[in-house]
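Q: Dumping the structure here so I can ask a few things about it.
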Amino acid sequence: MDTIIKKTVEEVFGITDGQFQRAVVRIFPSTPATPKAINGFKFTTDSLRRLMIWSASASIPEGHFDAVMKRNLMIFGPTGCGKTQLLKEFCARTGRPLFRYQCSEDSEVSQLFGTWKLCKPIAKEEVDPEAGLLEKGAQGIAKAIERLAVTVKRMTGVGPEMTFVDGPVLRWARTPNAILLLDEWDQLSPTVAMSLNGILDGDVIEVPETGERIAISKGCLIAATGNTNGRNSAGGNGGSAALYKGVKRQNIASLDRFFVINATYLSEAEEKELLEKQVKIPSAAATAMASLAAKIRTQFMGLNEDAGANGEPLEFTITTRNLLNWGMAWQLLTVTGMDPQSAFKESLNMTLLDFGTAAERKAVLDAWDTIIGDKIS
């Protein structure tokens, strides 16, 4: 049997805060489903504290509390602030397997739990791009026949030879100490989200297609991410959820089953450090880039309730993801021989600004000129 190792918070997450002095982190043997760690990833004390309480819910001895503790965590916050990466990195550091499902408004219960598949498919997985109209038409008919066969099998139990293939929920439930990540959970239809209430409560999963009853394995946890809080509010200051197309207001009975982290972007100092460590950006350049990101976020409608109070309201922002890509593109452009000043603007344009309007591009570049002047060359 593989041994579970216990380490300190400082050893695992690099945080020396005294409030974690008595905390112990359990490290599980890595599996093929365990994500790879990122060098220089930054945990914050506030988010780590909640992650630790959430993860502890899966290891509390029976009878420690008379009540049942939640084992589900919702992380919501603006685009590109690192919600998914936070969970992936938590799994990477602790060795936990991660099963990730990308939610959408088209998600169905069968995609989450599993479905019948033909043992001998009728249709090809993909059509050759060079195929003619006749072949493409035949492929479309074959796929329609497959869908009909699967539907008949599901409803009547009668049909061609098929096998039931586990979805991410069942694969997670069979794997001890695993985390199920429901990414962009607020995109789900509330009806589909409600179908997950049983697993959120830790109930035995009944698979009607096969008659199997699956007890959720020891130590399993569920996490969800979203750009909104499930109640049509984005960002910590009540930012506009209208920018996040497809999000749904969720049933309060589903929301009630989660602990919550309201995530946001790192501070200027933390993002400067991130640029220096992960992208090898010189200190002066990292300082200017992090400063611009912070300034632009004050005008981002998806983060602030009244972005217009801080200048031109913006429907995009410099996310942490964009900031790092801006830095990497700048590095590569300077290697090709472009002067640093021009490379800053060209890399910012190709990373973000060409998505914006002329007015938005001008507002951002004017802010950049104010911050950088002729200090960096």
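Q: Only one of these conditions is not met by residue 117: (1) at pLDDT below 95; (2) surrounded by 14 or more Cβ atoms within 10 Å (Cβ to Cβ); (3) within 30 Å of the chain's Cα centre (by Cα). Which number is it?
A: Result: residue 117 fails condition (2) only.
Q: Also: Considering only residues that are of a type in the set (A, V, I, L, M), surrounded by 15 or more Cβ atoms within 10 Å (Cβ to Cβ) and in a loop (DSSP other than H, G, I, E, B), which ones fall in the range 1-42?
A: Selection gives 15, 23, 33.
Q: Here is a list: 215, 234, 242. Which entry is outside the structural domain of residue 314 (by TED's automatic domain parsing) and in contact with a Phe, Trp or Tyr (Cβ under 9 Å, 6 or more places away or on another chain)?
A: 234
Q: Another question about this same structure. State all residues of the range 44-70 that are assigned to a loop (DSSP other than H, G, I, E, B) and β-branched (Val, Ile, Thr); if no residue qualifies, say none.
A: 44, 60, 68
Q: Can you name every residue in the range 264-287 that is of a type in the set (S, T, N, Q), in a helix (DSSP H, G or I) and touching a residue at least 12 places away in the same chain (Cβ under 8 Å)?
A: Within the range 264-287, 278, 287 qualify.
Q: crowded, with 19+ Cβ neighbours inside 10 Å, modelled with pLDDT of 95 or more and β-branched (Val, Ile, Thr), is that true of residue 75?
A: Numbers: crowded, with 19+ Cβ neighbours inside 10 Å: yes; modelled with pLDDT of 95 or more: yes; β-branched (Val, Ile, Thr): yes.
The answer is yes for residue 75.
Q: Collect the residues in the range 1-58 that are of a type in the set (Val, Ile, Thr), over 25 Å from residue 262 (Cα atoms) and touching a strand residue (DSSP E or B) at 6+ places or on another chain (Cβ under 6 Å), keeping them in residue-number order.
A: Of everything in the range 1-58, those that are of a type in the set (Val, Ile, Thr), over 25 Å from residue 262 (Cα atoms) and touching a strand residue (DSSP E or B) at 6+ places or on another chain (Cβ under 6 Å) turn out to be 4, 5, 27.
Q: Sticking with this structure for a sec: Of the residues 334, 287, only one is farther than 26 Å from residue 77 by Cα, out of contact with any strand residue (DSSP E or B) (no Cβ under 8 Å at 6 or more places or on another chain) and hydroxyl-bearing (Ser, Thr, Tyr); which?
A: 334
Q: Collect the residues in the range 169-189 that are farther than 14 Å from residue 202 by Cα and basic (Lys, Arg), keeping them in residue-number order.
A: Answer for the range 169-189, where residues must be farther than 14 Å from residue 202 by Cα and basic (Lys, Arg): just 171.
Q: Would you call residue 305 among the acidic types (Asp, Glu) and farther than 22 Å from residue 240 by Cα? First the steps, then the outcome.
A: On the way: among the acidic types (Asp, Glu): yes; farther than 22 Å from residue 240 by Cα: no.
In short, no.
The values are calculated or read from the model by the stated rules, or taken from the named source; none is laboratory data. The structure displayed is predicted, hence computed values, not measured ones. Every residue, glycine as well, gets a Cβ built from its backbone with ideal geometry; the counts of neighbours run over all protein chains shown.
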